[in-house]
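Presented below is the structure to which this report refers.
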Amino acid sequence: MLITIVSVVLVLGGLIFFHELGHFSVARSLGMGVSTFSLGFGPKLLKWKPGKTEYALSLVPLGGYVALVGESEESEIPEGFTKEESFSLRPAWQRLLVVLAGPVANLLLAWFLYWGLALCWGTPIALPEVGGLQENGPAMRAGVKAGDTILSINGMALKSWDDMSAVIAQSNGEPMDFELQRKDEGGSITTLHALISAERSVRKTLFGEDEVAWLIGVRSSGAVKAQPETFLSAASSGLHQTWKMISLTAQGFMKLIERVVPADQVGGPIMIAQLVGDQAKQGLAGLLALTALISINLGILNLLPIPVLDGGTILFCLLEILFRRPIHQKVQEYAVRAGLALLVALMIFATYNDIVRIVKG
């Protein structure tokens, strides 16, 4: 329990703090005033004010906040600051950059984490090793067995399961020469060939949709190897993984809106805490990978055009730039209230799903 609590505080607190650090950094670089930058919420335990900005360590460690000078036109300018440092009086494009910096910081953090994982642990690659076969499928009919490793197809060497899948997907049902490696019970290794023609079949996508593809009827064994990376290759690998997860996360949000993904799959803070606790017990690498994924989700969630979230403010700024005048204050107020109500409803719904999952156990 202690490991779970500490892990959740560090992960969620760190992600939200990094998000606020993005806002803070861009605001200060544009000369906007920041009255307070706090690590944590609630009563301040420690305070330090080297200049006009007060830096604080607060009681509740789940995140942090940045108090910008003049966040709204009605806000009073704190003592020591000038109107020129007010956020609300700056051009729309500057306000947009400040707001956008939070989600971007989360996406950058994910890249740094994946970069570090690739550098320290290598890039995981799923090996083209057969774990199971479809009954009477093309591979089984050709004599392929569970445990076989597929070395090449039509003379093309395979490094991963994805390489193999890509070649089969483009085969159009033409016969392919598979080079297999098989280990018998005595440990002897033999190499053999099999001629296999893929068949058009229906399979489930990651989001549960039916997809027609060329398949040979094999399942992965789950065997993985870590490919060592240099500093620069790890950066490239981390960037590729970040983009892949951004794409999957964005698709997940869209599939949820389209109701392809059932609404009861939506998870809230309880599910996140459980996942973080489980990964913390498994090891640092798994915990960092999960942290990167949550950071991407937090970044994309904040980019949704819902008032209250960063995406809503970004939308207002874009409309102001487009029409060359700010959106009426009353319209913004009503939109923020509606957005807040929607966000609260979503949080309640997600927490309800978490509780139902626990009860069903």
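For this structure, a couple of remarks:
Residue-wise test of (1) farther than 16 Å from VAL130 by Cβ; (2) surrounded by 17 or more Cβ atoms within 10 Å (Cβ to Cβ); (3) touching a Lys or Arg at 6+ places or on another chain (Cβ under 8 Å); (4) at pLDDT 95 or above.
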site: PHE178; (1), (2), (3), (4): no, yes, no, yes
site: ARG182; (1), (2), (3), (4): no, no, yes, no
site: THR205; (1), (2), (3), (4): yes, no, no, no
site: ASP210; (1), (2), (3), (4): yes, no, yes, no
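- Residues that are part of a strand (DSSP E or B) and not hydroxyl-bearing (Ser, Thr, Tyr) were ranked within the range 111-142; the one that is farthest from ALA226 (Cα to Cα) is LEU133.
- Residues that are more than 27 Å from the chain's Cα centre (by Cα) and more than 25 Å from LEU275 (Cβ to Cβ), drawn from the range 328-361: HIS328, GLN329, LYS330, VAL331, GLN332, GLU333, TYR334, ALA335, ARG337
- Residue satisfying all of: in the range 262-291; in contact with a Gly (Cβ under 9 Å, 6 or more places away or on another chain) and closer than 20 Å to LEU117 by Cα; surrounded by the fewest Cβ atoms within 10 Å (Cβ to Cβ) among these: ASP278
- Checked against (1) modelled with pLDDT of 95 or more; (2) part of a loop (DSSP other than H, G, I, E, B), ILE168 passes all but condition (2).
- Of the set (1) more than 24 Å from LEU239 (Cβ to Cβ); (2) in contact with a helix residue (DSSP H, G or I) (Cβ under 9 Å, 6 or more places away or on another chain), all apply to LEU100 but (1).
- The range 280-300, residues that are without any contact (Cβ under 8 Å) to a residue 12 or more places away in the chain and in a helix (DSSP H, G or I): GLN282, LEU284, GLY286
- Tally, over the range 66-85, of residues that are without any contact (Cβ under 8 Å) to a residue 40 or more places away in the chain, of a type in the set (D, E, K, R) and surrounded by 12 or more Cβ atoms within 10 Å (Cβ to Cβ): 1
- For the range 43-61, a residue qualifies if it is among the aliphatic types (A, V, I, L, M) and surrounded by 14 or more Cβ atoms within 10 Å (Cβ to Cβ), and the qualifying residues are ALA56, LEU57.
- Close Cβ contacts (under 9 Å, 6 or more residues apart or on different chains) running from residues in the range 197-208 that are not assigned by TED's automatic domain parsing to the domain that holds LEU248 to residues that are surrounded by 15 or more Cβ atoms within 10 Å (Cβ to Cβ) and of a type in the set (S, T, N, Q) comprise SER197/SER171; ALA198/SER171; SER201/GLN134; LEU206/GLN251; PHE207/GLN251.
- Just one of (1) modelled with pLDDT under 95; (2) in contact with an Asp or Glu (Cβ under 9 Å, 6 or more places away or on another chain); (3) over 27 Å from GLY132 (Cα atoms) fails for ALA235. It is (1).
- Residues (surrounded by 19 or more Cβ atoms within 10 Å (Cβ to Cβ) and either among the β-branched types (Val, Ile, Thr) or at pLDDT below 95 (or both)) located in the range 116-126: THR123
- Restricting the range 86-103 to residues that are in a loop (DSSP other than H, G, I, E, B) and among the small types (Gly, Ala, Ser), the residue that is surrounded by the most Cβ atoms within 10 Å (Cβ to Cβ) is SER86.
The values are calculated or read from the model by the stated rules, or taken from the named source; none is laboratory data. Computed from a predicted structure; not experimentally measured. Every residue, glycine as well, gets a Cβ built from its backbone with ideal geometry; the counts of neighbours run over all protein chains shown.
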